[in-house]
Protein chains: 6
Amino acid sequence: MTRFPVPETDELPDDLRKRIDEETERAGFTANVFEAYAYKPSHFRAFFAYYDALVEDTPLAREEVEMLVVATSGVNDCLYCVVAHGALCRIYADAPKLADQLATNHRAADLSEEHRAMLDFAVKLTESPERITDEDVAALRDAGFSQEEIWDIGSVTAFFNLSNRMAVLADMRPNDEFYTLGREE
Amino acid sequence: MTRFPVPETDELPDDLRKRIDEETERAGFTANVFEAYAYKPSHFRAFFAYYDALVEDTPLAREEVEMLVVATSGVNDCLYCVVAHGALCRIYADAPKLADQLATNHRAADLSEEHRAMLDFAVKLTESPERITDEDVAALRDAGFSQEEIWDIGSVTAFFNLSNRMAVLADMRPNDEFYTLGREE
Amino acid sequence: MTRFPVPETDELPDDLRKRIDEETERAGFTANVFEAYAYKPSHFRAFFAYYDALVEDTPLAREEVEMLVVATSGVNDCLYCVVAHGALCRIYADAPKLADQLATNHRAADLSEEHRAMLDFAVKLTESPERITDEDVAALRDAGFSQEEIWDIGSVTAFFNLSNRMAVLADMRPNDEFYTLGREE
Amino acid sequence: MTRFPVPETDELPDDLRKRIDEETERAGFTANVFEAYAYKPSHFRAFFAYYDALVEDTPLAREEVEMLVVATSGVNDCLYCVVAHGALCRIYADAPKLADQLATNHRAADLSEEHRAMLDFAVKLTESPERITDEDVAALRDAGFSQEEIWDIGSVTAFFNLSNRMAVLADMRPNDEFYTLGREE
Amino acid sequence: MTRFPVPETDELPDDLRKRIDEETERAGFTANVFEAYAYKPSHFRAFFAYYDALVEDTPLAREEVEMLVVATSGVNDCLYCVVAHGALCRIYADAPKLADQLATNHRAADLSEEHRAMLDFAVKLTESPERITDEDVAALRDAGFSQEEIWDIGSVTAFFNLSNRMAVLADMRPNDEFYTLGREE
Amino acid sequence: MTRFPVPETDELPDDLRKRIDEETERAGFTANVFEAYAYKPSHFRAFFAYYDALVEDTPLAREEVEMLVVATSGVNDCLYCVVAHGALCRIYADAPKLADQLATNHRAADLSEEHRAMLDFAVKLTESPERITDEDVAALRDAGFSQEEIWDIGSVTAFFNLSNRMAVLADMRPNDEFYTLGREE
């Protein structure tokens, strides 16, 4: 399932086992990213603590977070994140076609002007961070995003530039469930 | 110093103030990344917890970590990270010329074969993560890196693909001190 | 549904109406590419005649044709072709996960060595045709493909470099059905 | 002359032989693309039927078609199409220098504003189809092109994105005649 | 003829006028690069002194120099240099088709193995100088080039990376004569 | 110090030895570019004559010349030029942080609007000369640069596109002194 060994559940530190149990309970299956990151507990803790902060402490709607994740992961051609967060995107946005659109090309997606501006920024920050200037940040403000939303749009994008590269490093494989979740209207 | 407001020290949560005080004590000045991240305490905690795990729980030498940071940040043209971690790279590697070489072009740097393989991997994972295959991972193993070292090489690179984009988002400015630290032999 | 007007069915030349009726019969719905191309009947005839030749007069398995289409369209970020031929790929290959893998990154797909060589060629011919040399063609032969298969691998790839650009020009939208077809095992 | 075998004339299906004879009659020599495509008659028919539709059923002037072909083929570095259609471009536009200018860099060519807009679109659709948006199509309309002309500008460009890749696949060599035709004023 | 004013002949310093007269005598017309550079005499002198050293003090055959120029200028899409040195390449190599091949795509040109290695190096040094390593230099040596030839191959390539940018800066237009010179066998 | 042999001082032609002595006198050490170019005296003379014209016969301030050199060399990832001219940039601009900023990313540097326009032009002329149009030149004029300054901005940029490639070809190593010169305020 990954390029690195996955420890047995009973060899895991308690906090990791507890988190994995909760996630498995919630989803009905254990997303492979948890098993992959269990290879190194200190990184498991850090990675998911950051992730939790991104999705829990933000004025962005959860569907907006997932739209950012899918568009970013599409640019980086990251299979695990496109498929796993594609499912979350479909579910949170209640939009069965959105994830395929965003993963393929956000410019062809059915989006509000605000969300197009949001994803234009995310895609540019992913593809050519060195070209981001005040004008790009101003475009987000003009689209109606608050200062904290702008920080969070950038943060989610930045975090998945980390996450995409970890998934590639470990060759994480998406669980079968993610391919189909949320596809029914 | 950044595109986002920096809170007054006495408005900070205790744990952030404590961390900033410790860092200031250690370095003799407050690195701007701490002030920039203080804009959002939940992200401050997550970011530095991950960073701590990367530099403290690893078989990589600290100088190797900093070499990875500087080469990655050079590819992403990230001023804050090139200058701030350039100083750390010079200090930890006790090599006053190394950071300028790595930031400009790791192919022109004075490196062992092992470190060249390490940085070839980091640069490819940064520039084109979608092209990483088993062969790239095997090249690290052939260069003598252990499984955990390979995970950590990828993790440091991935984390600074996050960090570079946060520095760009916030337009973080390197402290003057970083430009000159560690330049004397 | 597209940037160009779609003629009423009863205004269409007989041969176009007949073809559209047959396709609608077969699929249970009218794929939007037929309506989009109906804008210009002479191009409709030429486009589908070429397409028919590609899928009917070839030693390649139909699933191989669709794998080539999806990988090519993924590189070109073409929403219509990724989604519509993603469905065909799932159905012909009887592989519900394959299309998402190929559209995202063929290097991360579950593939035989032969099919990996086939798609490496298609992706290179799409991304940088000017760099194709005898060695690339030899790699296909070494993977076991016959001369005619090599011609056809190149032809399918070339045709969808046309088709992707027509879909972008016309802003063709995939039918809802394509998003979900063939996803059940 | 190509990477694939060229059948003897008397082994060809009648319709192919007839077309080749006509073309040879018209040009005074047999353009190699006909011999190359004769390798696979079903593709020969489809390819030239599409080509015929593009040049015969269009409000674009023939010289405009050839300008699109040369600029597109120049971007794709396709020797056969640059040289063969360079000759046609010189002849139809009655402009001995135009093809070399377009093949090298359409931005440096002697062009009307309308033709510059036409070729800007073609070059963008060739280089980065995923970035084409409503604004690019509007720019063609603003330059005075009708809806059908816009369809045809895109179609010629798309078709030569196919054609360039077939020429590369087969390593088609331009006939000597094409290098010099139409160079005299 | 260029973006900068061209001084009257009788306003030129004597040495420039003498050089221009000699060149005009030799070629039968005044190549526009001389008039363009006459805008700034100190640069005229420096530019042509360097050029003279490249073509006069070298073990490379003059046709090899011109092949390097055309391939480099083709990569940089430089109209003036492709057309003007295309003529010189045809004449010195006595090869009427070579320049069009090299300007379009040196990989599709009729070349010896030695010259292919030479031009592979030139194209890489032009496109991505930061990726040149010992292996690239060794490939030239393996192809039979002497140390001085390697220096000169690199120097001609480097000089035309200057020259191409000056032609673009000044928007130099090739003289009509260059388009047709040397096209007859 | 370079890939090519460095002649002994007493084997050098008088004019080269004289120039090297003067440079050594002025700087307190012999910059390696002089020793590297001494490999081929005719090129030594041409290279430094052009360089002298660029820095001596120009309305640009010397610090502007060096800013152009560092930004261009940063884009080309050229170690020798970034480090050696980084020192000159710090000294002439009396700005100890400027060179690191320009070498990493001129968009993140502390610059006047005029200098930002100057470096935007230089970076574009370096990265994609084929895309330079009248608008880019007009942007320089709008920023207040005279015709001759525009010529010289382009010329310095073009010359260092030569120089960067020569440094890469020869693998020139910066002298240790350059790493630290001008870093004190």
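The values are calculated or read from the model by the stated rules, or taken from the named source; none is laboratory data. Here the structure is a predicted model, which means the values were calculated and not measured. When we count neighbours, we look across all protein chains shown, and the Cβ atoms used for this are built from the backbone with ideal geometry, even at glycine. Calculation scope for accessible area: heavy atoms of the full protein, side chains included, ligands and nucleic acids excluded. Shrake-Rupley method; radii C 1.70, N 1.55, O 1.52, S 1.80 Å.
Only residues that are within 7 Å of another protein chain (Cβ to nearest Cβ) and open to solvent by 10 Å² or more (accessible area, probe 1.4 Å) were counted across the stretch E:144-170, and they come to 2. Just name the residue that is farthest from A:Arg173 (Cα to Cα) out of those in the stretch A:38-53 that are without any contact (Cβ under 8 Å) to a residue 60 or more places away in the chain and surrounded by 21 or more Cβ atoms within 10 Å (Cβ to Cβ). Per the criteria, the residue is A:Ala53. In the stretch F:1-62, counting only helices (runs of 4 or more DSSP H) that sit wholly within it, the ones holding 3 or more residues that are facing chain E (nearest Cβ under 9 Å) span F:41-56. Annotation note: Cβ proximity below 8 Å between a residue of the stretch D:25-37 that is acidic (Asp, Glu) and a residue that is open to solvent by less than 30 Å² (accessible area, probe 1.4 Å) and part of a helix (DSSP H, G or I) (sequence gap 6+ or interchain) occurs for D:Glu35/D:Ile20.
Within the stretch B:87-117, the residues that satisfy the criterion of being more than 9 Å from every other protein chain (Cβ to nearest Cβ) and of a type in the set (Gly, Ala, Ser) are B:Ala87, B:Ala93, B:Ala95, B:Ala99, B:Ser112, B:Ala117.
In the stretch F:175-185, what residues are more than 8 Å from every other protein chain (Cβ to nearest Cβ) and in a loop (DSSP other than H, G, I, E, B)?
F:Asn175, F:Leu181, F:Gly182, F:Glu185
The set of residues in the stretch F:121-143 that are of a type outside the set (A, V, I, L, M, F, W, C) and either surrounded by fewer than 15 Cβ atoms within 10 Å (Cβ to Cβ) or closer than 19 Å to E:Ser73 by Cα (or both) comprises F:Lys124, F:Thr126, F:Glu127, F:Ser128, F:Pro129, F:Glu130, F:Arg131, F:Thr133, F:Asp134, F:Glu135, F:Arg141, F:Asp142. A single member of A:Val75, A:Val82 is more than 10 Å from chain B (Cβ to nearest Cβ) and closer than 30 Å to B:Tyr51 by Cβ, and it is A:Val82.
Just a yes or no: is a residue in the stretch D:77-92 over 16 Å from the mean Cα position of the chain (by Cα) and assigned to a helix (DSSP H, G or I)? No - not one qualifying residue is present in the stretch D:77-92. Taken across the stretch F:74-82, residues that are more than 22 Å from E:Arg131 (Cβ to Cβ) and modelled with pLDDT of 95 or more do not occur at all. Just to be sure I understand the filter: pairs with C-beta atoms under 6 Å, separated by 6 or more residues or on different chains, first member in the stretch C:94-105 and in a loop (DSSP other than H, G, I, E, B), second member crowded, with 23+ Cβ neighbours inside 10 Å. Which pairs pass? Hits for this filter: C:Pro96/C:Arg90; C:Asn105/A:Asp77; C:Asn105/A:Leu79. The number of residues in the stretch D:7-37 being open to solvent by 50 Å² or more (accessible area, probe 1.4 Å), in contact with a helix residue (DSSP H, G or I) (Cβ under 8 Å, 6 or more places away or on another chain) and at pLDDT 95 or above comes to 5.
Taken over the stretch F:63-76, residues that are part of a helix (DSSP H, G or I) and under 12 Å from B:Thr104 (Cβ atoms) amount to 4.
Only residues that are open to solvent by less than 10 Å² (accessible area, probe 1.4 Å) and among the small types (Gly, Ala, Ser) were counted in the stretch E:54-103, giving 6.
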